[in-house]
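In what follows, a single structure is set out as structure tokens and then discussed.
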Amino acid sequence: MFKMKPFVKVAALAFLSSGSATAATDGTLGTTSTFSYNVTITIPERVRISGLQDMAFGTMGSSDLTLNDDVCIYSNTSGGNYDITATGSGAGNAFTIASGPNTVPYRVFWNDVIGTAGQVELSAGTTLVAQTGADRSSTTCGGANNANIEILIERASTIGQPNGSYAGVVTLVVEPN
């Protein structure tokens, strides 16, 4: 592993922040000789979703079931914007839970702030673009959250379904915007 001495790091950082570019030059012959290197780096756009919890609804009763989870979205893009796409584990990526051949649909909502006020319903496989509010300084949002996902299972969609344990997966893909 290559290690720079502290004074070289400062010089490299000063060069990168100055925005000027000079070509590498050979040192001259003499009692000392100095050589200069250009140092460059490209940091790609990056995003991360974290802080999610599985959603176990329990037993269907006489009303709709809903659970929501505040989560952390990190993005290193200049505006902190991101796109999000959700897919389910049902046929054609549908939002369904299953017990053998029997399926029950559910609905998924996204909010680019914590809580459910102002949320938007997601369609399976359709990207929700230009979400805002991603943390730009900490990949874990400094221990706080900044977005919300909610899942709703409507009681009416379970009427007529055989008893059993139903399960499925919702997958979220976050991309830089």
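The values are calculated or read from the model by the stated rules, or taken from the named source; none is laboratory data. If you're wondering where the values come from, they're calculated on a predicted model, not measured in any experiment. Every residue, glycine among them, receives a Cβ derived from its backbone with ideal geometry; neighbour counts consider all protein chains shown. Only protein heavy atoms, including side chains, enter the accessible area calculation; ligands, DNA and RNA are left aside. Shrake-Rupley method; radii C 1.70, N 1.55, O 1.52, S 1.80 Å.
Here's a check for you: in the stretch 66-83, which residue that is in contact with an Asp or Glu (Cβ under 8 Å, 6 or more places away or on another chain) and among the aliphatic types (A, V, I, L, M) is nearest to Gly125 (Cα to Cα)?
For the stretch 66-83, the residue satisfying everything is Ile73.
Could you list, ordered by first residue, the pairs with Cβ atoms under 8 Å in which the first is in the stretch 44-65 and touching a residue at least 60 places away in the same chain (Cβ under 8 Å) and charged (D, E, K, R) and the second is open to solvent by 50 Å² or more (accessible area, probe 1.4 Å) and outside any loop (DSSP other than H, G, I, E, B), at least 6 apart or interchain?
Pairs found: Asp64/Arg155.
Would the stretch 154-165 turn up any residue that is part of a strand (DSSP E or B) and of a type in the set (A, V, I, L, M, F, W, C)?
No, the stretch 154-165 has no match at all.
Looking at (1) surrounded by fewer than 17 Cβ atoms within 10 Å (Cβ to Cβ); (2) not in a loop (DSSP other than H, G, I, E, B), which is the one condition that is false for Gly118?
Unmet for Gly118, out of (1) surrounded by fewer than 17 Cβ atoms within 10 Å (Cβ to Cβ); (2) not in a loop (DSSP other than H, G, I, E, B): (2).
Limited to the stretch 118-140, what total is found for residues that are of a type in the set (D, E, K, R) and farther than 27 Å from Gly168 by Cβ?
So the first thing to find is which residues in the stretch 118-140 are of a type in the set (D, E, K, R), and the list is 121, 135-136.
So of that shortlist, the ones also farther than 27 Å from Gly168 by Cβ come out as 135-136.
So the answer is 2.
For the stretch 22-76, how many residues are in a strand (DSSP E or B), among the small types (Gly, Ala, Ser) and open to solvent by 50 Å² or more (accessible area, probe 1.4 Å)? Before you say what the answer is, go through the steps one by one.
Keep residues of the stretch 22-76 that are in a strand (DSSP E or B), which gives 25, 36, 47-50, 65-75.
Checking the rest, the ones that are also among the small types (Gly, Ala, Ser) come to 36, 50, 75.
With open to solvent by 50 Å² or more (accessible area, probe 1.4 Å) added as a condition, the list becomes 36.
Selection size over the stretch 22-76: 1.
With Pro105, Pro101 as the choices, which residue is over 29 Å from Gly143 (Cα atoms) and touching a helix residue (DSSP H, G or I) at 6+ places or on another chain (Cβ under 6 Å)? Working first, answer last.
Numbers: Pro101 fails: touching a helix residue (DSSP H, G or I) at 6+ places or on another chain (Cβ under 6 Å).
Testing whether each residue is over 29 Å from Gly143 (Cα atoms) and touching a helix residue (DSSP H, G or I) at 6+ places or on another chain (Cβ under 6 Å) leaves just Pro105.
Which one is least open to solvent (accessible area, probe 1.4 Å) among residues in the stretch 121-177 that are on the phi > 0 side of the Ramachandran plot and within 14 Å of the chain's Cα centre (by Cα)?
Cys141
How many residues does the stretch 51-70 contain that are under 21 Å from Thr158 (Cα atoms) and not hydrophobic (A, V, I, L, M, F, W, C)?
Restricting attention to the stretch 51-70, the residues satisfying the condition of being under 21 Å from Thr158 (Cα atoms) are 54-68.
After this cut, where a residue has to be not hydrophobic (A, V, I, L, M, F, W, C) as well, the list is 54, 58-59, 61-64, 66, 68.
Counting residues in the stretch 51-70 that are under 21 Å from Thr158 (Cα atoms) and not hydrophobic (A, V, I, L, M, F, W, C) gives 9.
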